[in-house]
Amino acid sequence: MDINEFYKECKDRGVVQNISIYAITSWIVIQVAATTSPYLGIPQLFVTILILLIIILLPVVILLSWHYNIVPEEESGEVKISKHEKDRRSRIFKLIFLGLIVFILGLGVWIFNARESEKFAAHDFKTILSDEKNKIAVFDFINNTGIDSLDIVGKMAADFISYRIVENNLATTITLQDIKNLQKSYNQETDNNFDQIANFKGVVNSLKGVYYLEGKRLMFTSSISMINSNQSYAFPSVRCDIYSPLTGIQEISEKVLSFLAMNDSNISQENPPDFKAYKEYLKAREFWLNHDEAIDHLNKAIEIDSNYVAAKILLANKLYNRNKFDALDELLIDLESNIQDYTKRQRNLVKHYKACREGKNKAAYMFLKEEYRGNAQDIFNHIGMMVIAMEFVNKPEEVEEVFEKFNDEDLDYKNNEYLISRLEIKAIADIEIQQVDRAIEDLEKLSKTTYSRRTREILIRAYAEKRKDAKIISLLNNARKNPLDKDWRYLYYIALREGTLHNRKALVQKISPLAIEYYSQKPIRQKMLSRCYLLIGNLTDAEAGFLKFLKTRPDDYFSMAKLIIIYERKGETEKAKIYRQKIIVYSSANVKSYNYLMAQVEAENNPTSALDYLEKALENGQRYDFYAFDHDPYLIPLFELPRFRDLLKYWH
């Protein structure tokens, strides 16, 4: 029998027709299953099993069709089958065909249930019960509206929040159905009493909620319970239109996600922020040493959630360090207006930045120390405490104590700006307490893995303290050759400055021509070039340079102060008076900096006046930073005076 005859035989026996019917019917069954399964809570696996069974049973349908639909050709001479017999066989085939469809569906359900039971035993017990990740039980929200048709909202809330928790990898969730399955597996009655949830390993939190009708709006209340501590936290109530329940559910989910992400079981903390705002907050911390980018992320966080207190407090830190005092003043007014609603730690930090802004260094130190004691292992608190101890109150001996309390055993210092920063602050403090060799050892090790200009600046100071001129020259040459060291030119000024401070004339003679050569190459370095000329005593070129720079920056009071020093050294008092008058304008805008600049001006000829200015600068928040006080070459005439030494302990 060739292919054409075989096809004709199949057609005559009704096989082709029955295969077509089977295919169409199967397609309809698959479409119905695929469309309705998401709404019935049936996983996609059931549809997959159904398709496989339909394919497997196709040969059976073909064989049955061939056997029960015998229709001999009349011209072949074979015995004809009566019409009654044909109808009987057709009915038998249809019954068998219908039975096959029912069998397919039944077998699919049976296989699916068997797989789900196995999956529950393997996954739910091994994963839900043994998973090391903390688990949170999310219960269906209770419908207290009195409208039965809104029951679905409770399940919708639980499912949506569970999905968001898992999506963001914050915890493993256990739902109402999981709990019922667990109870069933333990041969417990499947009821709605979930007091036994604490018996399930790893379940540390449970989330419950209720929703009410408030006019034409829904009001959701929700709370999270810490099972082990018997504490609970109630989230702020949320309201939404009765026809848009998902809007309210989304708002609740943002608060829940933030609560879990903050990983803080202390329920006295602030209300969790919107989760999107919290992610911007984390980005600000990630880019912490990039001030402008951090400010941008914090502003976005506050724009998303205007009640996000932690973001505002962090923004106060950035605005202070960037000298954006107008914005800081506005922010502090906003923070203080609701300070009674804050936690103790938040109130403490607001007072800290208020003290920083007012120049009350000792108060700022005490407020931050209180915060540090409460969370000493936080890297920001840790570095902040080191900076405050070193620069605000000049207590380098305390920096070592803070440094040793931080556990950094498992941390990688390579390219980690925060860890690099703490080592740099520690090195500065070591130099101050005469542990210079230790500082050199740490900095040399650090300089092998980082190209931080700051590291090299501190290392130059340490070398100068130990009279290691050759080391300084070698460092400068290596920095110049290294393409990754973009700031190497600035290091020449630092080396020249340290040489002047330590009266290292030979070092100054070696470095000054190189520094002047480099800074002469581009007009943009005009100010740096003028500073070098002034350090080596070339008053004529220094004067010309500062005057040239002031043409482009007429409000640069630093340059004005240096011109006063130049003119008084040259005996040109009338010119000095002109710039003394001009710089007074600066006094009202920045009292702290004005007084410090005037101390530099008066140091050579009027040390008593210089010391008065320094004291006023300290009263207004002048910091003991890397370049100030006993590290400022313009204050050298004051170094041996008892009052100057006392000012170094002004805040002790």
Can you give me the distance in nm between label points at I51 and H502, each placed 7 Å from the Cα along the Cα-to-Cβ direction? 7.6
I'd like to know which of L618, I578, V591 lies farthest towards the positive end of the charge dipole of segment 544-652, counting +1 on Cβ of Lys and Arg and -1 on Cβ of Asp and Glu. I578
Taking all protein chains together and a probe of 1.4 Å, list F626, F380 from the most accessible to the least accessible. F380, F626
Taking a ≥ b ≥ c as the square roots of the Cα gyration tensor eigenvalues, with a/c under 1.5 meaning rounded and otherwise prolate when a/b beats b/c, else oblate, which class fits segment 543-632? prolate
Spacing of the two label points (7 Å from each Cα toward its C-beta) at D437 and E517, in nm: 3.6
With the dipole of segment 275-422 defined by +1 on each Lys or Arg Cβ and -1 on each Asp or Glu Cβ, the option from L368, M390, N407 whose Cα lies farthest towards the positive pole is L368
Peptides ranked, highest mean first, by Cβ atoms within 10 Å: ranges 567-576, 552-561: 552-561, 567-576
Protein chains only, probe 1.4 Å: how do K548, K426, K362 rank by accessible area, largest first? K548, K362, K426
Rank by packing, highest mean first: peptides 494-506, 385-397, with packing defined as the count of other Cβ atoms within 10 Å averaged across residues. 385-397, 494-506
So how do 208-220, 589-601, 307-319 stack up, highest first, on mean other-Cβ count within 10 Å? 307-319, 589-601, 208-220
Given charges of +1 on the Cβ of Lys and Arg and -1 on the Cβ of Asp and Glu, with all other atoms neutral, how large is the dipole of segment 379-521 about its Cα centre, in debye to the nearest 20? 1000
For each pair in K369/K468; K279/K351; K471/K575, compute the distance between the two Cα atoms and list the pairs where it is over 31 Å. K369/K468; K471/K575
Taking a probe of 1.4 angstrom, what is the accessible area of K351 in Å², to the nearest 10? 100
Treat every Asp and Glu Cβ in segment 487-641 as -1 and every Lys and Arg Cβ as +1, leave all other atoms uncharged, and give the resulting dipole magnitude about the Cα centre to the nearest 20 debye. 640
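The values are calculated or read from the model by the stated rules, or taken from the named source; none is laboratory data. None of the values given here were measured: they were computed from a predicted structure. With ideal geometry, Cβ positions are generated from the backbone for all residues, glycine too; neighbour counts draw on all protein chains shown. Note: areas computed on protein heavy atoms with side chains; ligands, DNA, RNA excluded. Shrake-Rupley method; radii C 1.70, N 1.55, O 1.52, S 1.80 Å.
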